[in-house]
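The values are calculated or read from the model by the stated rules, or taken from the named source; none is laboratory data. Small disclaimer: the values here were computed from a predicted structure and weren't measured. A quick note on method: Cβ atoms are made from the backbone with ideal geometry, for glycine too, and the neighbour counts reach across all protein chains shown.
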Amino acid sequence: MNAVQPRHSDVEPLLLSCTQVAADIGPQDLTVASGFFFQRGAHLFLVTSRHVLLDLAKDHCPQRIEFVLHAAGTDLTQQHRVSLPLYDNGMPLWRQAGDSAGNVDVAVLQIPGMAVPRHAQFRAFSVRHIQAQTHAVRVGQPLLVVGFPMGFHDTLNHVPVVRGAVVASAFGVRFQGQDCFLTDAPMQRGSSGAPVVRHDPDGDTSLPWQLLGVHASHADMGERTSRSGDGHGASPGLELAWYSDVLLALTH
């Protein structure tokens with residue numbers, strides 16, 4: 001009996017908006033994270049965390065990245081690997097943002113049209129997916145984070161996995177003066193750059209999800225835990241996500 005190959009039409013569109021990002025850090029060495037596609041007019045961008053592309057504190061300075069697009073046709077197992085340079089004559093091809101508190105841990109890289117196979121199968125967020133009415137997002141509201149924790153995913157079909165989360169700080173308020181908010185989610189390494197979304201049944205029918213943020217990392221308590229005297233670890237088990245409206249500036 002022949003196995004039936006899964007088709008793009010059978011898969012939740014949200015899963016086709018994300019891809020694993022592999023940063024080239026040396027001969028045959030890659031570090032992996034998460035990313036997603038964002039469309040602004042005629043331009044297509046790959047979005048991920050800034051520290052995936054550059055982290056001087058950890059001597060992480062990749063020169064190229066790779067990601068996967070599903071090829072033309074309906075078979076999810078047919079994929080096309082895209083490799084893009086991060087620099088041109090020493091100048092970064094990617095864009096990053098900053099605010100009054102410092103660097104925003106989000107970066108975008110424009111994907112040249114020639115790098116995208118004809119009829120490639122994917123979904124991309126756009127300006128209309130960005131939540132404008134912050135008061136409509138309440139503390140404790142369920143969210144999803146879509147990515148590749150510890151590199152784990154459906155490797156045959158290159159489909160990410162989904163973790164449940166909730167809003168864990170006042171949405172629309174700059175947490176600790178930074179352009180981010182907190183989520184309560186069981187996240188692992190490899191999830192950096194994943195989209196943080198909530199379902200929007202009245203939105204875009206081809207991708208009915210609101211893009212609330214870009215997952216970055218565990219919330220760092222810094223010196224606070226050393227003064228708490230409770231003897232527990234330094235992580236409160238919460239996660240940082242940068243507000244998605246940063247993409248409006250990065251892709252303009």
Subject >> Count of residues meeting criterion [touching a residue at least 40 places away in the same chain (Cβ under 8 Å) and either on the phi > 0 side of the Ramachandran plot or outside any loop (DSSP other than H, G, I, E, B) (or both)] in region 115-152 >> reply: 16
Original post:
Any idea which residue in region 171-201 is nearest to VAL32 (Cα to Cα), counting only those that are in contact with a Ser or Thr (Cβ under 7 Å, 6 or more places away or on another chain) and outside any strand (DSSP E or B)?
Top reply: GLY190
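Condition check ((1) part of a strand (DSSP E or B); (2) out of contact with any Cys (no Cβ under 9 Å at 6 or more places or on another chain); (3) surrounded by 15 or more Cβ atoms within 10 Å (Cβ to Cβ); (4) of a type in the set (Phe, Trp, Tyr)) across all residues:
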site: ALA165; (1), (2), (3), (4): yes, yes, yes, no
site: SER169; (1), (2), (3), (4): no, no, yes, no
site: GLY203; (1), (2), (3), (4): no, yes, no, no
site: SER206; (1), (2), (3), (4): no, yes, no, no
Subject >> Filtered residues of region 82-99 (kept if within 19 Å of the chain's Cα centre (by Cα) and of a type in the set (S, T, N, Q)) >> reply: SER83, GLN96
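Can you name the residue in region 7-52 that is in contact with a Cys (Cβ under 9 Å, 6 or more places away or on another chain) and at pLDDT 95 or above and is also nearest to VAL197 (Cα to Cα) among such residues?
Here the residue is PHE36.
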**OP:** Could you tell me whether any residue of region 140-156 is surrounded by 19 or more Cβ atoms within 10 Å (Cβ to Cβ), β-branched (Val, Ile, Thr) and within 28 Å of PHE181 (Cα to Cα)?
**Re:** yes
Original post:
What are the residues in region 20-76 that are assigned to a strand (DSSP E or B), farther than 17 Å from ALA107 by Cβ and in contact with a helix residue (DSSP H, G or I) (Cβ under 7 Å, 6 or more places away or on another chain), if any?
Top reply: HIS70
